[in-house]
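> Pasting a structure here, questions to come.
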């Protein structure tokens with residue numbers, strides 16, 4: 001979203017947040033299968049937003 005906002009010329013501000021330690025349990029994220037899938041999804045998103053700039057093409061056709 002931040003990339004799209006910047007491309008469309010919107011202004012935004014960062015707001016500080018507080019992070020807390022996990023009260024109990026253990027993170028389930030860091031296993032190879034999940035990391036691999038997230039990496040592939042990030043590459044696809046980067047390709048759409050940075051290389052192909054699809055979101056800007058859609059906006060141009062909608063404004064006609």
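Quick note: the coordinates plus some simple rules give every number you see, no bench work behind them. Just so it is clear, the model here is predicted, and its values are computed rather than measured. Glycine gets a Cβ as well: all are built from the backbone with ideal geometry, and neighbour counts include every protein chain shown.
> Among what's in the stretch 1-37 and is outside any loop (DSSP other than H, G, I, E, B) and over 19 Å from the mean Cα position of the chain (by Cα), pick the residue that is farthest from residue 54 (Cα to Cα).
Out of the qualifying residues, it is 32.
> Please work out if residue 51 is out of contact with any strand residue (DSSP E or B) (no Cβ under 6 Å at 6 or more places or on another chain), assigned to a loop (DSSP other than H, G, I, E, B) and surrounded by fewer than 10 Cβ atoms within 10 Å (Cβ to Cβ).
no
> In addition: Among the residues of the stretch 1-37, count how many are at positive phi and surrounded by 10 or more Cβ atoms within 10 Å (Cβ to Cβ).
Selection size over the stretch 1-37: 0.
> A follow-up question, please. I'd like to check something: does the stretch 41-48 contain any residue that is in a helix (DSSP H, G or I), touching a helix residue (DSSP H, G or I) at 6+ places or on another chain (Cβ under 8 Å) and touching a residue at least 24 places away in the same chain (Cβ under 8 Å)?
Within the stretch 41-48, none of the residues are in a helix (DSSP H, G or I), touching a helix residue (DSSP H, G or I) at 6+ places or on another chain (Cβ under 8 Å) and touching a residue at least 24 places away in the same chain (Cβ under 8 Å).
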